[in-house]
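Written out below as structure tokens is the structure these notes cover.
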Amino acid sequence: MGIFSNILEKLGIGKKEEPKAKVEIPRTSAKVEIPRTGTKPTAATNLPKTQVGMPHTVVGNVIPSTVVPAAVEIPVVDVMSKLEKLAKENPQELNWKTSIVDLLKLLGIDSSREARNELAVELGCPEEKMKDSAQMNMWLHKTVIKKIAENGGNIPKSMLD
């Protein structure tokens, strides 16, 4: 398990839990007759309004249609509340909103230079930034915060800019 996976685990993101509810995705099909004129149908030719512009496969003179599945909701983890709670409980005053070292300390993860180098390699830090500790740390913090948000963590827009 990589360091970033450890970060997500500490924040409760990506835990393998039993699904709370089974989501059924409705699928329907309809047949649309296409006149045999020797021309290919256009997006608007004989197609129901909901099907205009959607790709279709022609089978004989029938286009089987499919309905795009409903969006599946991805659970969002209240990362900010968790981090703020951990910060209140921590005897040290940690500046986790801007410092990767303090963020890792807050989560109880090794924040040594070696661990940060490993995390930087894992996340694809540019080589030129890895040569300068301050630049690497700034890149790491921004990237970790962004990736937490990509994985379902609620991160304020101000921290993502």
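The values are calculated or read from the model by the stated rules, or taken from the named source; none is laboratory data. This is a predicted model, so every value here is computed, not measured. Cβ atoms come from the backbone with ideal geometry, glycine included; neighbour counts cover every protein chain shown.
A few remarks follow.
- Entirely in the stretch 82-160, the helices (runs of 4 or more DSSP H) that have 3 or more residues that are among the polar types (S, T, N, Q) and over 13 Å from L11 (Cβ atoms): 133-150
- Every condition in (1) touching a Pro at 6+ places or on another chain (Cβ under 9 Å); (2) of a type in the set (A, V, I, L, M); (3) modelled with pLDDT under 55 is met by A70 except one, and the failing one is (3).
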